[in-house]
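Remarks on the structure that follows.
The values are calculated or read from the model by the stated rules, or taken from the named source; none is laboratory data. Since the model is a prediction, treat every value here as computed from it, not as a measurement. All Cβ positions, even for glycine, are placed from backbone atoms using ideal geometry, and neighbour counts span all protein chains on display. In case anyone asks, the SASA skips ligands and DNA or RNA and just uses the protein heavy atoms, side chains included. Shrake-Rupley method; radii C 1.70, N 1.55, O 1.52, S 1.80 Å.
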Amino acid sequence: MNRILGIDVGATGIKSAIVDLQEGTLITERFKLQTPVSGKPKEMIDVIHQIVEHFDWEGKPIGLGFPAIIKNDISWSASNIHESWIGFKIKNEIEAQTGCSCVVINDADAAGLAELSFGKGKGIKGTMILLTLGTGIGSAIFNDGVLLPNTELGHLKYKDSIAEKYAANSSRKLKDLSWEEYGTELNDVLEHIDFVFSPNLILLGGGISKKFKNFSDYISSGLNVCPAEKFNNAGIIGAALAYKIYGK
Ligand code: BGC
């Protein structure tokens, strides 16, 4: 079971590829489809099915990273997707529609697993935190390599709302923030997280991690922060890896 289809479901796009789990690399081109604007289960599962068909992957194992709290194979939150995902039997429904055996975990937890096994998190002792900066902010916390799932640090109370409303990449775009303004906002959030968890390392993932140099000057030098090595592919690789770890 060294080749699994990894699907990284986001609030704006659904990315996928077949992953070689020995190497932690994509062995096909990335295939990306838009997330349906409704964000509703039926429409989103239709897109997942199209992805399975694209890779001719019916009946084979798939790992999915999904932007919500996932507990006991049910999705329990819906920040940037339709509220009907709350209490939805996500694993059962995807398996019924695609005919594939699947494992679903939170998207940031998936990205964290990829970095831990194949990226900058390899061999890190103590606490490591990965934050994904995209439409929302996702988080994965590991202690000595063990995941504490569904931590949702993007939902920490911050200013008038929650952290992701200020420091996600979508807020930078929406408010047209300069790199200095964005970096300063993000730094505030990182300092708070650092104070609460005392991590040995904070990794930043999501597409914006490629642009880390643009805002790194505004991140306090006392924080051990760096971009994730697998950048935007961590979500796909980690989703596939989740099947290997948690699948039957
Ligand atoms: C969701 C998280 C998710 C993150 C990144 C947040 O809004 O609450 O579950 O991991 O976005 O997609």
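With respect to Ala168, determine if the residue is open to solvent by less than 40 Å² (accessible area, probe 1.4 Å) and over 23 Å from Ala114 (Cα atoms). So Ala168 does not fit the description; no. In summary, Asp56 fulfils each of the numbered conditions (1) more than 14 Å from the ligand (Cβ to nearest atom); (2) outside any helix (DSSP H, G or I); (3) open to solvent by 20 Å² or more (accessible area, probe 1.4 Å); (4) in contact with a strand residue (DSSP E or B) (Cβ under 7 Å, 6 or more places away or on another chain) with the single exception of condition (4). Within the stretch 85-99, residues that are closer than 14 Å to Ile70 by Cα sit with their Cβ atoms under 9 Å from residues that are among the hydroxyl-bearing types (Ser, Thr, Tyr) and assigned to a loop (DSSP other than H, G, I, E, B), at 6+ positions apart or across chains, in these pairs: Trp85/Ser77; Ile86/Ser77. Going by the conditions given, is Ser101 small (Gly, Ala, Ser), surrounded by fewer than 20 Cβ atoms within 10 Å (Cβ to Cβ) and either within 16 Å of the ligand (Cβ to nearest atom) or within 27 Å of Leu147 (Cα to Cα) (or both)? Here the answer is yes, as Ser101 does meet what is asked. Check the stretch 198-217 and report whether any residue there is touching a residue at least 60 places away in the same chain (Cβ under 8 Å), open to solvent by 50 Å² or more (accessible area, probe 1.4 Å) and on the phi > 0 side of the Ramachandran plot. So far as the stretch 198-217 goes, yes, one or more of its residues are touching a residue at least 60 places away in the same chain (Cβ under 8 Å), open to solvent by 50 Å² or more (accessible area, probe 1.4 Å) and on the phi > 0 side of the Ramachandran plot. From the list Thr184, Thr135, which one is modelled with pLDDT of 95 or more and hydroxyl-bearing (Ser, Thr, Tyr)? Of the residues listed, the single one that is modelled with pLDDT of 95 or more and hydroxyl-bearing (Ser, Thr, Tyr) is Thr184. Test Lys91 against the stated conditions and say whether it is away from the ligand (no atom under 13 Å from the Cβ), basic (Lys, Arg) and farther than 22 Å from Val37 by Cα. Answer is no for this residue.
For the stretch 194-206, give me each residue that is modelled with pLDDT of 95 or more and either part of a strand (DSSP E or B) or in contact with a helix residue (DSSP H, G or I) (Cβ under 6 Å, 6 or more places away or on another chain) (or both).
Residues of the stretch 194-206 that are modelled with pLDDT of 95 or more, as a first pass: 194-204.
Passing the criteria: Leu201, Ile202, Leu203, Leu204.
Candidates in the stretch 61-75 are the residues that are in contact (Cβ under 8 Å) with a residue 60 or more places away in the chain and within 17 Å of the chain's Cα centre (by Cα); of these, the one that is nearest to the ligand (Cβ to nearest atom) is Pro67. Of everything in the stretch 178-189 that is of a type outside the set (Gly, Ala, Ser) and away from the ligand (no atom under 16 Å from the Cβ), the residue that is least open to solvent (accessible area, probe 1.4 Å) is Tyr182.
Conditions (1) of a type in the set (A, V, I, L, M, F, W, C); (2) closer than 28 Å to Leu116 by Cα; (3) open to solvent by less than 50 Å² (accessible area, probe 1.4 Å), marked per residue:
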{"residue": "Asp8", "(1), (2), (3)": "no, yes, yes"}
{"residue": "Ser16", "(1), (2), (3)": "no, yes, yes"}
{"residue": "Asp20", "(1), (2), (3)": "no, yes, yes"}
{"residue": "Gly24", "(1), (2), (3)": "no, yes, yes"}
{"residue": "Glu43", "(1), (2), (3)": "no, no, no"}
{"residue": "Trp85", "(1), (2), (3)": "yes, no, yes"}
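Residues that are surrounded by fewer than 16 Cβ atoms within 10 Å (Cβ to Cβ), among the basic types (Lys, Arg) and in a loop (DSSP other than H, G, I, E, B) do not occur anywhere in the stretch 70-82.
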